[in-house]
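No value in this document is a laboratory result; all are computed from the given coordinates. Remember, it's a predicted structure, so these values are computed and weren't measured experimentally. Positions of Cβ are generated from backbone atoms using ideal geometry, with glycine treated the same way; all protein chains shown enter the neighbour counts.
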Amino acid sequence: MALITQKPKGTGDVTPSQSNKWQTVEKLAADVAKTFGFKEIRFPTFEHTELFLRSVGETTDVVQKEMYTFMDKGNRSITLRPEGTAGTMRAVIENGLLNEAMPLKVYYLTSCFRYEKPQAGRFREHHQFGCEMVGSDSPMADAEIISLAYSVLERIGIKKLKLHINSIGCPCCRERYNTALKDYFTQYRDIICETCLERLEKNPMRLLDCKSPVCRKNTENAPLILDYLCEDCNTHFESFKKYLDLLDIPYETDPKIVRGLDYYTKTVFEFITEEIGSQGTVCAGGRYNNLIEEIGGKSTPALGFGMGLERLILVAEKQGCRFMENIPCSLYIAAMGENAAMKAAELLKLVRAEGYYAETDLTGRGLKSQMKYADKIGAVFTLVLGDNELETGTAKLKNMRTGEQTDVNLSDGFVKTLSDNVTAEMFSGTELV
C-alpha cells in the first residue's frame, strides 16, 4: 500500500509552490525561440521502437540500456521517447512539412524517458526544451541555433556557462576516424568493458562516450576527430567558428565531444556548468544531416539542441535567478450567510470575467477564519458581505497591505468602481522578469 503514495524512482512532482519556476523557464524559452522564427510542434509520448533504433543508434547507451520499451496489445514494439529529435523528424516527414518553406524551424517542450541512475537535475522522466532547424547546411545556421540557445540561457539569467564545440565530420571522415580508433583501442581489448568490446567492432566512436572509469582513462590519448576531417567538414567548422566570433559568443574547442547519439554529423556542442557537479551539461546539440533520410525522408540537412529543464532550474536556483511569482489573489470576498454567499458568487463571476483572480469561502468558515484564510493566500483586497451590506448595497473594500478601506457599490458598475480604486499593478500580479 505504501507504493500508492510514493512516486516511482527517478520521477518528480512539481507542486504549486514550484510551478512558477517551471512556468518562468518555459515561457522565456518559448518567447526567445519565437523571436528567431521558431514555432511549436507537438508529437506523441511513444513511437514505434524502430524509429529510435534507426535514428539514435543500436550501439548507443540510450538504446542498449536506457529505453523504456514494451509490447503493446497489438504485439507491436513501442518505446517511450528517450529524446525529442527523432519524433520531431518523424512528424516532419509524415505531415509533409519538408514541402514547406525552408528552413523549417520548430521548438517543443516535452517529457523524455530514460532508465538510468537518477542524478542531479536528471530523472528517468525528465523534461526538455528543444529546437530543430531543417533545410539549411550553412555554418551560419549552426551559429544561429547556438545563438538561440545562448539567448535563452542569458534571458533566464544563468551565468558561468562554458560553450564547448567540436566537429565529428561526415560519414567519410568517420570511416577513416573509426579505423584509427579501432587500431588504437585494440591494445586495450583485454581491459575494456564488455559493451565497449562489442562497440570496438561495430562502432568504435561510441567507446569515447563510455561512462566506465577504466574505459574513460583509455581514451586520454585516443586519436582526435579534428585530425581526420575532410576538406569540406573542416571548412564548415572553421566558418562556423567565425560566425560565433562575429556574434560575440565565447567558446572552447573540445575535440572529445562526440555526443551520445549516432545521428550527429559535423557540428556538435554542449553548454556546461560546474554549479551542479560532474553532470553539468544543461544544453547540448548539433547537426544531423543524414537523419531525415535515414528514417525514410528525402535527404535534408538538419540541426538542433535540447535543454534539460530540471538541470536548468537547478542551476537557476543556485545562481539566484529571479522567477515569475505566482499571482496572488486579487480579491477575497468574505460572505456571512447564504444570501451573502449568493451575492459573492454573482460578484466573483463579474470580477473573474475581467481576468482577476478572486475567491470566496467554500467550506463554511466563520468570518475570523475566512480572514485568516485570505491572509494565508496573500489576498491583496478583501470585501466583507453580510446582511447590512446587502441591505445598503455597499461594502468596504479593504487593502490588506495598507489597511485602507474604500466604499464600493455592489450593484451598478461594481467592477469599474473596484478598478478605479485598485491599482492595475496590484491586480495584474507580478510581471515576468
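Suppose we filter the range 55-76 for residues that are under 27 Å from THR300 (Cβ atoms) and surrounded by fewer than 17 Cβ atoms within 10 Å (Cβ to Cβ); how many remain?
Number satisfying all stated conditions: 1.
The conditions are (1) part of a strand (DSSP E or B); (2) of a type in the set (A, V, I, L, M, F, W, C); (3) more than 30 Å from LYS318 (Cα to Cα), and PHE269 fails exactly one of them. Which is it?
Single failed check for PHE269: (3).
Looking at the structure I just gave you, is LYS65 assigned to a helix (DSSP H, G or I) and within 17 Å of the chain's Cα centre (by Cα)?
In short, no.
Among the residues of the range 323-374 satisfying the criterion of being of a type in the set (D, E, K, R) and crowded, with 17+ Cβ neighbours inside 10 Å, which is nearest to ALA29 (Cα to Cα)?
Here the residue is GLU359.
What are the residues in the range 64-89 that are over 18 Å from GLY285 (Cα atoms) and in contact with a Leu (Cβ under 6 Å, 6 or more places away or on another chain), if any?
Result: TYR68, single match.
What number goes with the only condition from (1) of a type outside the set (Val, Ile, Thr); (2) in a loop (DSSP other than H, G, I, E, B); (3) surrounded by fewer than 19 Cβ atoms within 10 Å (Cβ to Cβ) that GLU293 does not pass?
(2) is the only condition that GLU293 fails.
Can you name the residue in the range 7-45 that is assigned to a helix (DSSP H, G or I) and basic (Lys, Arg) and, of all such residues, is surrounded by the most Cβ atoms within 10 Å (Cβ to Cβ)?
It comes out as LYS21.
Filter the range 147-162 down to residues that are charged (D, E, K, R) and in contact with a strand residue (DSSP E or B) (Cβ under 7 Å, 6 or more places away or on another chain), then give me how many there are.
1
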